[in-house]
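The values are calculated or read from the model by the stated rules, or taken from the named source; none is laboratory data. Since we're looking at a predicted model, the values are computed, not measured. Using ideal geometry, Cβ is built from the backbone for each residue, glycine included, and neighbour counts are taken over all protein chains shown. Quick note on the areas: whole protein, heavy atoms, side chains included, nothing else; ligands and nucleic acids left out. Shrake-Rupley method; radii C 1.70, N 1.55, O 1.52, S 1.80 Å.
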Amino acid sequence: MKIWLLLGLLLMHEALEDVTGQHPPKNKRPKEPGENRIKPTNKKVKPKIPKIKDRDSADPTPKTPSIMTQMMDKGRFQKPAATLSLVAGQTLELRCKGNKIGWSYPAYLDTFKDTRLSVKQHERYGQLTLVNSTAADTGEFSCWGQLCTGYVCRRDEAKTGSTYIFFTEKGELFVPSPSHFDVVYLNPDRQAVVPCRVTVLSAKVTLHREFPAKEIPANGTDIVYDLKRGFVYLQPHVGHQGVVYCKAEAGGKSQISVKYQLLYAEVPRGPPSTTILASSNKVKGGDDVSVLCTVLGEPDVEVEFRWTYPGQKDERPVTIQDSWRLIHRGLGHTTRISQSVLSIEDFETIDAGYYICTAQNLQGQTTVATTVESS
């Protein structure tokens, strides 16, 4: 009995040692064979987002700073906003940094070679000055630096400046037009513009058809209004033809613009469609001869002619006369006929040979030729 009691005490002692030395920590359980040693967790961890420097977050193609400044009163200068409103009669002075500056300004000032405008180049800047400004001067004024190699210069796109200026004048809501009636040609392959530009930025402008009398909505899809251009027909077609005008309202006053005749032009854009024809291809000595070069083109596209003829090197006297006119070919279709006639009096042997006509427009040039022989 004593032996069994002693054995039981020994077994109890070993069990107590196991409990005190190898029991798993509190709140933990022994891992089963093959169990992942990394305990999964549902704890949310906020991801670390690397800080981005200001220069990295900026637009990768930042806007080029303007080189233009405007002289204010008392000799102060400031960079002009994209659009400015000035009272007619004020003097405008713009400066652009650079030792070789190019300028662009409303075509009206160039067309009439206006002495009110002065453009000068100084050592470090270009200067544009406009005195006694009027509503007709409203438009875009821009400048750019020039990169020159010898006599050849190109525009430096990294150095530019521009501002659109409204010159407000009493009684003039619209930029004055040189005529009381103008023609706008509608081409199916490009936009057409009814140039109703205003002198007041806040003016409300609407487009109207004369007959039948109604307002033409600028719906943003077919026709849009652009303050700097006027009403833009995005996809002109035959149905847009007719006489239209614009109406502007501002400050409790209203004004009607000049009228515009919209004509549909059927001739597509491209180099001149040119033909050449001699009054006779065989001419007797002493007779007169003429060679006609004809171009059918867009109503509003000018054509230039150049001639090459047999007696040119010997300075043989010839007469060259250029002309053009519009013709209407039904359904409102309008075409411009441009012609150049080369005439020779008292035909001589030296005049025999090839007569070559080259016609050029904004889209390219075309060359045609014919022969005139001595019979």
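Points worth noting:
- Which numbered condition Ser290 misses (of (1) under 36 Å from the mean Cα position of the chain (by Cα); (2) under 27 Å from Asp346 (Cβ atoms); (3) open to solvent by less than 70 Å² (accessible area, probe 1.4 Å); (4) hydroxyl-bearing (Ser, Thr, Tyr)): (1)
Each row is one residue, and each column tells you yes or no for (1) exposed (fewer than 15 other Cβ atoms within 10 Å of the Cβ); (2) modelled with pLDDT of 90 or more.
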residue	(1), (2)
Cys153	yes, no
Asp156	no, no
Thr160	no, yes
Thr163	no, yes
Thr168	no, yes
Asn187	no, no
Val194	no, yes
Lys204	yes, yes
Glu210	yes, no
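- Residues of the stretch 209-224 satisfying the condition of being part of a strand (DSSP E or B), farther than 15 Å from Val184 by Cα and touching a residue at least 24 places away in the same chain (Cβ under 8 Å): Ile216
- Residue satisfying condition, being open to solvent by less than 80 Å² (accessible area, probe 1.4 Å), touching a Ser or Thr at 6+ places or on another chain (Cβ under 8 Å) and at pLDDT 90 or above, within set Ile276, Ile337: Ile276
- Matching residues in the stretch 233-263 - criterion: being crowded, with 17+ Cβ neighbours inside 10 Å and of a type in the set (A, V, I, L, M): Val244, Ala248, Ala250, Leu262, Leu263
- Test for Phe181: is it closer than 19 Å to Gly230 by Cβ and open to solvent by less than 20 Å² (accessible area, probe 1.4 Å): no
- Residue identified as under 18 Å from Pro271 (Cβ atoms), outside the structural domain of Asn187 (by the TED database) and not in a strand (DSSP E or B) among Asp300, Asp314: Asp300
- Ala359, sole failed condition from (1) surrounded by 16 or more Cβ atoms within 10 Å (Cβ to Cβ); (2) in contact with a Cys (Cβ under 8 Å, 6 or more places away or on another chain); (3) aliphatic (A, V, I, L, M); (4) over 30 Å from Val238 (Cα atoms): (4)
Yes/no per residue for (1) part of a helix (DSSP H, G or I); (2) modelled with pLDDT of 90 or more; (3) under 29 Å from Val152 (Cα atoms):
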residue	(1), (2), (3)
Lys74	yes, no, no
Tyr108	yes, no, yes
Lys120	no, yes, yes
Ser133	no, yes, no
